[in-house]
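S.K.: Quick one: the structure is below, and I'll ask about it shortly.
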Amino acid sequence: MNGLRKLFAPIDMTKGAPWRQIVAFTIPMLIGNIAQQLYNTVDSIIVGRYVGDNALAAVGSAGPILNLLLVLFVGISVGAGIMVSQYFGAREREELSWTVGSCVTLTAISSLLIMIVGPLFSRPLLELLHTPDSILGWCESYLNIILIGIAGMAYYNILSGILRGLGDSVSALLYLLVSTVLNIVLDIVFVVNFQMGVAGVSLATAIAQAISAILCLLKLMRMSEVFDFRRSYLKLHKKYAWMTIRLGLPSGLTQAILSMAMIIVQSLTNSFGELFIAANVIVMRVDGFAMMPNFSFGTAMTTFAGQNVGAREYERVEKGTKQGTWIAMGVSAVITLLILIFGKYLMGIFTETSELVDMSMRMMRILAAGYIAMAVTQSLSGVMRGAGDTLTPMWISLITTVAVRVPVAYGLAYLTRSELYPNGRCESVFFSLLFSWTLGAVITFIFYRWGKWKGKALGESVV
């Protein structure tokens, strides 16, 4: 019983071998991220198999718009994670309690705002992107149901972020696994049995994520040994709400601009027709799994850096950064190799159309080298964020995505136009992504070595 209780307890990452703490934290989070990716993947498989390739394209086309509308939660989640990890590392119970309470209230306000505003703009945005008429109705239906049920998705992401900031990645994993299984069951019931199509997929996702959010909330309410979760702390405290926004705003703003860039690139993607749109969806689903180790290690490095900055263990931060980054690169290399070897079988899960499978695999090979570069970017950016420097990763992301990827994508498409390809080669979309990832890794490494983030940690820590 004590062993089980310890498994679900917060992890103090200021003690023990850094690489062991980072790996122990990352493994359950990686499993959890894979499970979360299954939400979209299962949706795509069931839609592609039981509704058709156009329905698969519809679900994918809705993605960039949904990401744009979720930027508020990205900001709150990042800010909360940094503050929670640093206050936990510094053993500041009162500040930790106010931070958690303020985040819960901020999420409620943000959810209500998106539930009202989101559905009003979904169709105009889809039309602005020149979404093909054949999938426009499905896209709008998918988006609106997700947006109306946005509170579950918002609270899961933010509350699980708080749990991870406390060093508890196991509980978040358990609750996500429960909701993932529920999502798969509901997908089958709504789409296969009730034949609800794309609407059934989005309804299943909304319900499953609401369940995971409730489980996270119940867990936090039981963590009285770490902080106080009382009604008095749910008041929107100006100091802690502002700190959350200040630290999270760069990440939220980055996500907003990146989503706008994705929407612009989606317009280019749409110009290549339904087949390429569907291929893009399949590649992005497999890409989601390839990226999971990178995102997981990035989040682990944020928590590790945050807790150790809070405890003023700066040499330990640098030691853990080197160890964590090398491990992340190794794991990413293995995952990439497996995808290159078995990728065609993965593509075949989504569709029986051989032309679509071949096109998807061709695009996946273009991206392959970029995943190791992203391991460097995510790990080092995670350290900078955990130390309190959220601006540097923001500028790097904006430069590589907006100033580099979008012009390169359209430039390559323009340069490869021909009688056979009047809109250019569709590979332009993925070559631009590979170039931006590689450049991002180089710039991130330079800024990490420059050490501006250390100044943030020493002089501008939230604690």
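The values are calculated or read from the model by the stated rules, or taken from the named source; none is laboratory data. Quick caveat: nothing in here was measured; it's all calculated off a predicted structure. Virtual Cβ from ideal backbone geometry, glycine too; neighbours counted across all protein chains shown. Please note that ligands, DNA and RNA were not included when accessible areas were found on the heavy atoms of the full protein model with its side chains. Shrake-Rupley method; radii C 1.70, N 1.55, O 1.52, S 1.80 Å.
S.K.: Roughly how many Å² is the accessible area per residue of the chain, as a whole number, for a 1.4 Å probe?
M.R.: 41
S.K.: For the chain, give the percent of accessible area contributed by carbon and sulfur heavy atoms, probe 1.4 Å, rounded to a whole number.
M.R.: On the way: 12760 of 18990 Å².
The computed percentage sits at 67.
S.K.: Next question. Would you kindly derive the ³J(HN,Hα) couplings of the range 366-373 from the backbone phi angles with the Karplus curve 6.51 cos²θ - 1.76 cosθ + 1.60 (θ = phi - 60°), listing them in order in whole Hz, with x for Gly and Pro?
M.R.: Ordered by residue, 3J(HN,Hα) equals 5, 6, 3, 5, x, 5, 5, 4 Hz.
S.K.: So how compact is the range 120-250: Cα radius of gyration and Dmax in angstrom?
M.R.: 18.2, 56
S.K.: Determine, for each peptide in 79-86, 341-348, the mean count of other beta carbons within 10 angstrom over its residues, then list the peptides with the highest first.
M.R.: 79-86, 341-348
S.K.: Put +1 on the Cβ of each Lys and Arg and -1 on the Cβ of each Asp and Glu in the chain; which of 342, 193, 289 then has its Cα farthest toward the positive end of the dipole?
M.R.: Going by the Cα projections, it comes out as 289.
S.K.: Run the 1.4 Å probe and let me know the accessible area of residue 236, rounded to the nearest 10 Å².
M.R.: Residue 236 has an accessible surface of roughly 80 Å² with all protein chains in place.
S.K.: Here is a follow-up. Could you tell me the accessible area of residue 442 in Å² (1.4 Å probe, neighbours in place), rounded to the nearest ten?
M.R.: That residue has around 80 Å² of solvent-accessible surface.
S.K.: Extent of the chain along each principal axis, from alpha carbon coordinates, in Å, largest to smallest?
M.R.: Projected onto the principal axes, the Cα atoms of the chain cover 64, 48, 40 Å.
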